[in-house]
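Report on one structure; see the data block that follows.
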Amino acid sequence: MNKREWQKKGAGHRARLRDRFLEKGAEGFSDAEILELLLSFGTPRTDCKEPARQALKEFGSLAAVLEAPAHALCRIPGIGKKNSFALHFVQAVSRRYLQQRLVGRKYLHSSTEVRDYLLHSMRDLQKEILTVIFLDTSHAVIATEILAEGTVNVNTVYPREILKRTLELNAAAIIVAHNHPSGSLKPSPQDIHLTRSLALLCSMMQVSFLDHFIIGDGAFSFADNQIMAPIQEDVARLIQETTLASR
């Protein structure tokens, strides 16, 4: 098979994948096929089947490939700067879409979408970040922002900065999320300490602290796992005791 015939065969294969997507969406696509199509955006005349398979083998999942740094992607034979740009651009657009889709939605009716956004934007990151979702009095989402990067604990995440931003946005409630690059979903003592500190400050400022998510190999909710309620009760008791003692 000469080069022209090879390119024609590859173009036909990609056209069939595109037609299948237009007809049925991504359902039924393997991760390798999805990645193959994404890579073809960067190099439309190149066969991207094998680079897609190698990237999945190297990084372990489609999400991990999309989050991989450019220099790591370019180590995969057949993936160059154009392919890397295409992957990162698609990832950035997806993150913005999910973020903007939340604005105005009431959390109690869209908690699944909040979880989906957090998983998409924070899973497989190689460094820790802390994201805060700000809500109004009816628990509709006002904004989502990254407020810290690096090691996330009470010593590096200043709760007062979170409260400062909460007041700037005139938010009545917040949801906090941070990721564990290890993939572990088990709350550490530092995670519990941070949650207690935020709960105390929020209570004092009359801001509702609804939940704390850990994102790793999935999502862990402090509220769903009955951790938030006892913390909130302890904080309420502490404030009451402090108020009585000051009289």
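The values are calculated or read from the model by the stated rules, or taken from the named source; none is laboratory data. Being a predicted model, the structure only gives us computed values, none of them experimental. Don't worry about glycine lacking a Cβ; one is built from the backbone with ideal geometry, like all the others, and counts go over all protein chains shown.
Points to keep in mind about this one:
- Residues being surrounded by fewer than 14 Cβ atoms within 10 Å (Cβ to Cβ), touching a residue at least 60 places away in the same chain (Cβ under 8 Å) and in a helix (DSSP H, G or I) - total across region 56-65: 0
- Output for region 78-115, where each listed residue is more than 16 Å from the chain's Cα centre (by Cα), surrounded by 14 or more Cβ atoms within 10 Å (Cβ to Cβ) and within 20 Å of Phe220 (Cβ to Cβ): Tyr107
- Within region 134-145, one or more residues are closer than 26 Å to Glu113 by Cβ, in contact with an Asp or Glu (Cβ under 6 Å, 6 or more places away or on another chain) and either modelled with pLDDT of 90 or more or not assigned by TED's automatic domain parsing to the domain that holds Asp224 (or both).
- Residues being surrounded by fewer than 16 Cβ atoms within 10 Å (Cβ to Cβ), closer than 26 Å to Arg123 by Cα and not polar (S, T, N, Q) - total across region 203-228: 3
- Given (1) surrounded by 13 or more Cβ atoms within 10 Å (Cβ to Cβ); (2) at pLDDT 85 or above; (3) among the small types (Gly, Ala, Ser), number of the condition Ala68 does not satisfy: (2)
- Just one residue in the set Ile133, Ile162, Ile142 is within 17 Å of the chain's Cα centre (by Cα) and under 27 Å from Ser94 (Cα atoms); that residue is Ile133.
- Meets criteria (in contact with a strand residue (DSSP E or B) (Cβ under 8 Å, 6 or more places away or on another chain), in the same structural domain as Gln240 (by TED's automatic domain parsing) and at pLDDT 90 or above) for Ile192: no
- Here Ile174 passes the criteria (1) part of a loop (DSSP other than H, G, I, E, B); (2) at pLDDT 90 or above; (3) buried (at least 19 other Cβ atoms within 10 Å of the Cβ) except the one numbered (1).
- Per-region count, region 133-148, residues touching a residue at least 24 places away in the same chain (Cβ under 8 Å) and either exposed (fewer than 14 other Cβ atoms within 10 Å of the Cβ) or within 10 Å of Gly104 (Cα to Cα) (or both): 9
- The listed residue being assigned to a helix (DSSP H, G or I), out of contact with any helix residue (DSSP H, G or I) (no Cβ under 6 Å at 6 or more places or on another chain), modelled with pLDDT of 85 or more and assigned by TED's automatic domain parsing to the domain that holds Ala199, out of Leu119, Leu130: Leu119
- Boolean, Glu161 is within 24 Å of Ser61 (Cβ to Cβ) and either surrounded by 17 or more Cβ atoms within 10 Å (Cβ to Cβ) or of a type in the set (Asp, Glu) (or both): no
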